[in-house]
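What follows is a set of notes on a single structure, which appears directly below.
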Amino acid sequence: MPEPSATESAAEPAIAIRNLVKEYAAQRGAPAKLALKGISLDVPEGGIFGLLGPNGAGKSTLINIMAGMVMKTSGTIRIWGHDIDRDHRNGKLSIGIVPQEIVFDPFFTPFEVLENQAGMYGVARALRRSEELLRAVHLSDKRDAYARSLSGGMKRRLLIAKAMVHSPPVLVLDEPTAGVDVELRRQLWELVTELNREGVTVVLTTHYLEEAEQLCERIAIIDHGELIANKPTRELVGMMREKIVRVSLDREIAAPPADPAFSKVEMIEPRTLEITYHRDRSSAGQVLAAIQRHGYAIEDVTTREPDLEDVFVQLTSRVREQA
Ligand code: ADP
Ligand code: MG
């Protein structure tokens, strides 16, 4: 794996993105699309970093710019200390990208796919790792099969091996588990975790929030081409640890009661309150007891867990409120 050059300070992030803008030009009647609206983001070295966001947020655009597959409109990206415009070659050598779309020449074998890719990156024959990579992704027995005969999961694993032929210090995976079954997902995450343990900085996009929660030390969320959160996962999950309970009371409420057990209380009907509480600090039982302490009798209770949709809505509106 390439070592950072001596000119870099230890504080240099694995990836540094500044004011990144991408506008897709208008074409065939479709208007121009501002897909990235000035994103600035650092990916620290050594961890697993999650890049989340709803469909169309701009995740693939950002990754494809790093991969050199999409031209940015403006802004800068440094990968492992190398500006991708001024030092394109070292930038490219420092990153391996697993794209969202699976594309292989169906007539090449997995071994050939890796050898060809190594050739494209100018990896000397003696330094090639095709066999080792095939072992790592559990495809040694498919070494000489046609790529078209591989299952979807095998193709995903081959794509990861392909992204690693030049031993980049940074690996980026764009939705590697979208539409993949549970068992294969587990295998992919083992593989990613293993690479990370060996020192590879990993960036991945996914819209499975639980998955990101388990794997990533830090999570950035983009929405409509804007960065709306970038926090250690613990903090972000804390923001999602909210539960909502709706209670119907025996009589009309003069004013919504305040209580340390509630993080938010809203009167949605004259006799109905919607109370948000933090599940690490309170419980449904404590919330109900508090309401009774305020002198009300409870006639009906419903609770719900915030889902991913809530989290995005919550984060988007929260950030807009603060702005
Ligand atoms: P994500 O990966 O987060 O789902 P994308 O980066 O694929 O989002 O897309 C971001 C926005 O840019 C979307 O509105 C999408 O329709 C648009 N977009 C993506 N690729 C192109 C393209 N080649 N030409 C025009 N618009 C595009
Ligand atoms: Mg995408």
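Nothing in this text is a laboratory measurement; each read-out follows from the coordinates by a stated rule. The model shown is predicted, which means the values in this text are computed figures rather than measured ones. Positions of Cβ are backbone-derived with ideal geometry, glycine not excepted, and every protein chain shown enters the neighbour counts.
All other residues whose Cβ lies under 14 angstrom from that of Tyr24 are scored, Lys and Arg at +1 and Asp and Glu at -1, for a net of +4.
When the alpha carbon coordinates of the chain are projected onto the principal axes, the ranges are 80, 48, 43 Å, largest first.
Modelled label positions at Tyr146 and Glu210, each set 7 Å beyond Cα in the direction of Cβ, lie 3.9 nm from each other.
When the Gaussian network model of the chain links Cα atoms closer than 10 Å, the mean-square fluctuations of Gly68, Gly119, Gly29 top out at Gly29.
R0 = 30 Å: FRET efficiency of Ser74 with Gln314, Cβ-based, nearest 0.05? Don't skip to the answer; put the middle values down first.
On the way: r = 31 Å, r/R0 = 1.03.
Taking R0 as 30 Å, the efficiency between Ser74 and Gln314 is 0.45.
Can you give the FRET efficiency for Ser263 and Lys37, using 1/(1 + (r/R0)^6), R0 = 30 Å, r = Cβ-Cβ distance, to the nearest 0.05? Computed FRET efficiency for Ser263 and Lys37: 0.45. Bridge orientation summary for the chain: considering DSSP beta bridges with both residues in this region, about 70 percent are antiparallel. Percent of C-alpha pairs per 5 Å bin in the stretch 241-305, short distances first: 4, 20, 35, 28, 11, 3, 0.
Close Lys pairs in the chain, defined as Cα atoms under 24 Å apart and 8 or more places apart or on different chains, number 25.
For Ala254 and Arg279, what does the FRET efficiency come to when R0 = 30 Å and r is the distance between their Cβ atoms, rounded to the nearest 0.05?
Details: r = 28 Å, r/R0 = 0.94.
Efficiency for this residue pair is about 0.60.
Counting charges near Pro110 (Lys, Arg +1; Asp, Glu -1) among other residues having Cβ under 14 Å from its Cβ returns a value of +3.
Note on the chain: helix-only mean residue ellipticity at 222 nm, from DSSP H runs of 4+ residues weighted -39500 (n - 2.57) and normalised by residue number, equals -9000 deg cm²/dmol.
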